[in-house]
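The values are calculated or read from the model by the stated rules, or taken from the named source; none is laboratory data. Just so it is clear, the model here is predicted, and its values are computed rather than measured. Here the Cβ positions follow ideal geometry from the backbone for every residue, glycine too, while neighbour counts run over all protein chains shown. Protein only, heavy atoms only, side chains kept; ligands, DNA and RNA dropped before computing areas. Shrake-Rupley method; radii C 1.70, N 1.55, O 1.52, S 1.80 Å.
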Amino acid sequence: MALLEVDAVDVFYGRVHALRDVSLSVDQGEIVALIGSNGAGKSTTLRTISGLVRPTRGAVRLEGKPIHTMGADQIARMGIGHAPEGRQLFSRMTVKENLDMGAYSRRDGAAIKRDFARVYTLFPRLAERGHQLAGSLSGGEQQMVAIGRALMGSPRVLLLDEPSLGLAPILVDTIFEVIREINAEGTTILLIEQNALIALHTSARAYVLETGSISTSGSAAALLASPDVQRAYLGM
């Protein structure tokens, strides 16, 4: 049984059919990438998983249990962490306060302290800027806060939406090194990434989303070798 399963999901925004019969799965311990052009429905897929959007048909399951009828707060408590596109930080709150918000539903004080230590180990720069306003950070630092905030919920599945967006190449490398480390520590990851090459090099499997539908899927190696994927997404 897959840890996370999206099963034949349809989503509408008003009359716009944003997702059509989308199915995907993520097994325990995997990094799975979701690639596609802008407007294909990638962010909508993650928002549906995390409960920010309600599907009109189909189901989302975590370890076989339907979660698509739950509220976003319940889904977060079930173990889905979401670092959204554009970071969406509380800009007038400090780095530490933003991280605190990631653990808002938890009451396990000792484990929260351990997760703070984990985030600061993964992102040493955040430890240095704990009392700085999040809105005053650089783009790379803000992305670190967004990922750290999601980790503070102690997620079993981490949804990452465009973690490299707007970052300098050296920071992209840093972020993806941390993503691999997070996965190596046991967190399952579903990744959306505009840089399809780095996404496929980071993941074990991938799905290609085109105009709201899954057009192809397979191992990352197979998609890297696919002429259609190379032409459409890898600039080859």
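At q = 0.09 Å⁻¹ the log10 of I(q)/I(0) for the range 90-236 amounts to -0.32, computed by Debye summation with a single uniform scatterer per C-alpha, solvent ignored.
Principal axis extents of the C-alpha atoms in the range 1-69 (largest first, rounded to whole Å): 35, 27, 18. Magnitude of the charge dipole for the range 1-135, about its Cα centre and with charges confined to Cβ atoms of Lys, Arg (+1) and Asp, Glu (-1), is about 400 debye. Reported to the nearest whole Å, the Cα centre-to-centre distance from the range 122-155 to the range 61-89 is 20. For the chain, the fraction of 1.4 Å probe accessible surface lying on carbon and sulfur atoms is 51 percent. Computed about the Cα centre, the dipole magnitude for the range 146-213 is approximately 200 debye when only Lys and Arg (+1) and Asp and Glu (-1) carry charge, each at its Cβ. Mean projected area of the convex hull spanned by the Cα atoms of the range 33-108, taken over all viewing directions: 6.8 nm². Ellipticity at 222 nm from helices only: DSSP H runs of n ≥ 4 in the chain, each -39500 (n - 2.57), divided by the residue count, give -11000 deg cm²/dmol.
Contact order for the range 39-86, expressed relative to its length and based on alpha carbon pairs under 8 Å spaced 6+ residues apart, stands at 35 percent. Counting only Cβ charges, +1 for Lys and Arg and -1 for Asp and Glu, the dipole size of the chain around its Cα centre is about 600 debye. Across the chain, the mean sequence separation of Cα contacts (distance under 8 Å, 6 or more residues apart), normalised by length, yields a relative contact order of 27 percent. In this structure the chain gives 45 Å² per residue of accessible area when probed at 1.4 Å with all protein chains present. Need the list of lysines near residue 96 for cross-linking: C-alpha distance under 24 angstrom, and skip anything on the same chain fewer than eight residues off. Candidates past the 8-residue exclusion: 113. When the range 73-121 is described by a simple charge dipole with +1 on each Lys and Arg Cβ and -1 on each Asp and Glu Cβ, the residue from 90, 111, 76 located farthest towards its positive end is 111.
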